[in-house]
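Just below is one structure, and these are the notes that go with it.
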Amino acid sequence: MKSKASAVWKGDLKGGEGHISTKSSALNDVSYTFKTRFEGADGTNPEELVAAAHAGCYSMALSNILAGSDMTPESVSTEATVTLEMLEGGPTVTNVHLVVKASVPGASAEAFMEAANKAKEGCPISRLLNADITMDASLI
């Protein structure tokens, strides 16, 4: 399976503007700028989109691992925070922190954490990233 997205940037780095689109039209000419990426202005940026992808991927992976261990979840909620730092070599994604809350009837804390860690290591977006990926996971 191949997924496609595109981005167009116009202008210089600080004064320019980009637009991101996906083939599915989930994103259609969504604007991003230097300020949304590096200064916290309202709007999206590539790191936010990576966070969304990682959260979605992780939730699906954990649900699959739990179900495969006879622990069908009622829900898995994941929030991913991507940290972008200015390092000597340039802006670098240095960390992804996952906060996971799951409702899994009958699951022990030990079995849940085993599945949570397996999903953290094995979800395709985790494997894509060359960053330290941390996580807080809890049953609710």
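Each value in this text was obtained by applying a stated rule to the coordinates, not by laboratory testing. Note that this is a predicted model, so its numbers are computed, not measured. With ideal geometry, Cβ positions are generated from the backbone for all residues, glycine too; neighbour counts draw on all protein chains shown.
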Check your understanding: For the residue pair Ala111 and Arg127, what label-to-label distance in nm results when each label sits 7 Å from Cα along the Cα-to-beta-carbon direction?
Key -> 2.6 nm
**Study point:** DSSP bridge pairs, the chain: antiparallel proportion in percent, nearest 5
**Key:** 75 percent
Practice item. Can you put Thr22, Thr33 in order of Cβ neighbours within 10 angstrom, beginning with the fewest? Key: Thr22, Thr33
Check your understanding: How far, in degrees from 0 to 90, does helix 109-122 lean away from the longest principal axis of the Cα atoms of the chain, to the nearest 10?
Key -> 40 degrees
Check your understanding: Which FRET efficiency value, to the nearest 0.05, is calculated for Asp136 and Asn28 with the Förster distance at 22 angstrom and r the Cβ-Cβ distance?
Key -> 0.05
**Study point:** Neighbour-count order for Glu79, Glu121, Glu110, Glu48, fewest beta carbons within 10 angstrom listed first
**Key:** Glu110, Glu121, Glu79, Glu48
Check your understanding: Listing Ile65, Ile140 from the residue with the fewest other Cβ atoms within 10 Å to the one with the most, what is the order?
Key -> Ile140, Ile65
Point to revise | Using alpha-carbon coordinates, inclination of helix 46-68 to the longest axis of the chain, degrees | key: 20 degrees
**Study point:** Spin-label model distance (nm) - Lys101 vs Glu79, 7 Å beyond Cα toward Cβ
**Key:** 0.8 nm
Check your understanding: Lys10: which lysines have alpha carbons under 26 Å from its alpha carbon, excluding same-chain residues fewer than 8 sequence positions away?
Key -> Lys23, Lys35
Revision key, fill the gap. One finds the C-alpha centres of region 34-69 and region 80-140 to be spaced, in Å, by 10 Å
Revision key, fill the gap. Length-normalised contact order of the chain, Cα under 8 Å, at least 6 apart, in percent, tallies to 18 percent
Exercise for review: List the longest stretch of the chain that has no exposed loop site; here a site is one of the trypsin sites (Lys or Arg not before Pro) assigned by DSSP to anything other than H, G, I, E or B, with at most 13 other Cβ within 10 Å.
Suggested key: 24-140
